[in-house]
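The values are calculated or read from the model by the stated rules, or taken from the named source; none is laboratory data. Predicted, not measured: the structure shown is a model, and the values here were computed from it. We place every Cβ from the backbone using ideal geometry, glycine too, and count neighbours over all the protein chains shown. We work out accessible area using only protein heavy atoms, side chains counted, and drop any ligands, DNA or RNA first. Shrake-Rupley method; radii C 1.70, N 1.55, O 1.52, S 1.80 Å.
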Amino acid sequence: MNNKINNSFEADMNSTLIDSEAQLNSAFARLKSLTRTKPYPSEEARRQLLLSLKTTLLEYEVPLLDALQQDFGCRAHAESRLIELVPLLGEIKHALKHLHKWMKPSRRSLHMTSWPASGKVFYQPKGLVGVIAPWNYPVLLSLGPIVGAIAAGNRVMLKVSEFCPATNKVLRQILQTACGDEWAEVIEGEADIANQFSQLAFDHLLFTGSTNVGRIVMKNAAQHLTPVTLELGGKSPLLITPSADLVDTAKKLVFAKLINAGQTCVAPDYVLCHESQKAELIEHLKKVLADQYPQGIASPDYTSIINDRQLSRLQGYLEEAQASGVQCDNLLPQGPDTLEGKLALYVLHEAKEELAVMQDEIFGPILPILTYQTIDEGFQYIQQRPRPLAMYLFTQHKEDEQRCEQSIASGGLVINHALIHVAQSDLPFGGVGDSGMGAYHAEEGFRTLSHNKAVLRKSGVNLVALIAPPYDRWVHRIVAKFWPHL
């Protein structure tokens, strides 16, 4: 760590930690006041903030990776870099490249009765944006929304997860260094502070987390009619059609399910495959796992579960399933089932629908595999359940792709891969129904965090005066006759 960062951390030790209701309200009042006195930051100001965030992020790479390792117990630096820093840097670069175009008002056509006049949509900052970040990707899902908020000209208050204290400390210093206290504040604290946070009169509130907590956040926001963007996860299915390449599918499934030990909102939650494919698929999964994790969960590249509470929850799913007669197979038999907060990848065969593992978002290395006899059964199974955040389809047939695009409602659709859509800077990301509402990333994120204000500028002759009362004049007889064509 260089001297600059060392000095920054020393300064941070003396900075104010905001983790009480009084401090929260004070920070909110201060930033809210700034949004009124400086409501429209220039393009150059936004650009400088984004560039500063990029530079600071790169400077703090090692402290961030070390902090993530400390909070998770075991999370390889290479994995954290790939899943947190690479996509985040991509978002910043994308925003910088397109910011001028996004900010430019869009011209609109006007009705002939308004002529001569001009119309446009002006993208005005909403003001003060609240971001509630989860623990599973504490860097990407904290700073990612802030990139969109700053690009749109907003100030931000970020509520970080109490499960990641080491990472939070580095995030606080990054934002202080890059943006200063005029643009962003980091809020810590337990669930009670998060509850108070979501009740503040933000101009927009973005929450990433569970569906149940999302309902509470939306209810709290409704007190002030605060618009919300909710990223809620859910049970994302992976449907394998009979035409799929099972070798390729197994490689991509292992990647998507075990990156961050399955603690990913868009990780495949369960697999649907044809009954004739199941045995072969499992054998391919075992081969991929043996190649990637030769020491089983003892491998330093196998990520730990974030804390004992989450590990106990996952073990509870397995215990309930086994007690009900469901076969649960450890696909990493070359090592122990659990080790220092790690849990081996288990396949659950035909898990019963009433089990908790089939009702809850799993968020860990447990993979139910269900089978169908006809592809229609597979599609119908998904259609009958709450709309997922992501849908994964493996097929070689265009008809299956088209059917999935048109008949399955999901936040996103990935064909012949999984998970990678989240890291695409030019694709929106968001849920639908139980998996959330609204979207951020890319231009859609800029629009979400802007007020799309209609602006009409009138000049010249006032044609509207011609149609003013009294309504028995000649012009109204013409309107009555020809109005369908106006």
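Assorted remarks:
- Among the residues listed as Tyr317, Tyr302, Tyr293, the single one being out of contact with any strand residue (DSSP E or B) (no Cβ under 8 Å at 6 or more places or on another chain) and of a type in the set (Phe, Trp, Tyr): Tyr293
- Within the range 243-254, the set of residues being open to solvent by 20 Å² or more (accessible area, probe 1.4 Å) and polar (S, T, N, Q) comprises just one member, Ser243.
- Criterion applied to Leu24, Leu65, Leu49 was being within 17 Å of His94 (Cα to Cα), aliphatic (A, V, I, L, M) and surrounded by 19 or more Cβ atoms within 10 Å (Cβ to Cβ), and the one residue passing it is Leu49.
- Residue among Gly127, Gly144 that alone is surrounded by 19 or more Cβ atoms within 10 Å (Cβ to Cβ), more than 30 Å from Ser304 (Cβ to Cβ) and not hydrophobic (A, V, I, L, M, F, W, C): Gly127
- As a summary of the residue check, His421 satisfies the conditions (1) in contact (Cβ under 8 Å) with a residue 24 or more places away in the chain; (2) open to solvent by 30 Å² or more (accessible area, probe 1.4 Å); (3) part of a helix (DSSP H, G or I); (4) within 30 Å of Tyr372 (Cβ to Cβ) except for the one numbered (2).
- Within the range 93-142, the residues that satisfy the criterion of being among the β-branched types (Val, Ile, Thr) and more than 19 Å from the chain's Cα centre (by Cα) are Thr113, Val121.
- Neighbours by Cβ (under 9 Å, 6+ apart or cross-chain): first from the range 25-38, under 18 Å from Phe197 (Cα atoms); second of a type in the set (Phe, Trp, Tyr) and not in a helix (DSSP H, G or I): Phe28/Phe202; Leu31/Trp183; Lys32/Phe202
- Among residues of the range 260-304 being in a helix (DSSP H, G or I), of a type in the set (Gly, Ala, Ser) and in contact (Cβ under 8 Å) with a residue 60 or more places away in the chain, the one that is surrounded by the most Cβ atoms within 10 Å (Cβ to Cβ) is Ala261.
- Test: residue in the range 112-130 that is touching a strand residue (DSSP E or B) at 6+ places or on another chain (Cβ under 7 Å), in contact (Cβ under 8 Å) with a residue 40 or more places away in the chain, within 18 Å of Phe207 (Cα to Cα) and among the charged types (D, E, K, R): yes
- The condition of being open to solvent by less than 20 Å² (accessible area, probe 1.4 Å), in contact (Cβ under 8 Å) with a residue 40 or more places away in the chain and within 22 Å of Ala256 (Cα to Cα) does not hold for Ala442.
- Test: residue in the range 188-198 that is small (Gly, Ala, Ser), closer than 24 Å to Phe379 by Cβ and surrounded by 17 or more Cβ atoms within 10 Å (Cβ to Cβ): no
- Test: Ala149 is surrounded by fewer than 19 Cβ atoms within 10 Å (Cβ to Cβ) and in contact with a helix residue (DSSP H, G or I) (Cβ under 9 Å, 6 or more places away or on another chain): no
- Within the range 165-186, the set of residues being aliphatic (A, V, I, L, M) and crowded, with 19+ Cβ neighbours inside 10 Å comprises Val170, Leu171, Ile174, Leu175, Ala178, Ala184, Val186.
- Filtered residues of the range 131-175 (kept if in contact (Cβ under 8 Å) with a residue 60 or more places away in the chain and assigned to a loop (DSSP other than H, G, I, E, B)): Ala133, Pro134, Trp135, Asn136, Tyr137, Pro138, Val139, Ala152, Gly153, Asn154, Phe163, Cys164
- Sole exception among (1) over 25 Å from Met391 (Cβ atoms); (2) among the basic types (Lys, Arg); (3) buried (at least 21 other Cβ atoms within 10 Å of the Cβ) for Lys257, by number: (1)
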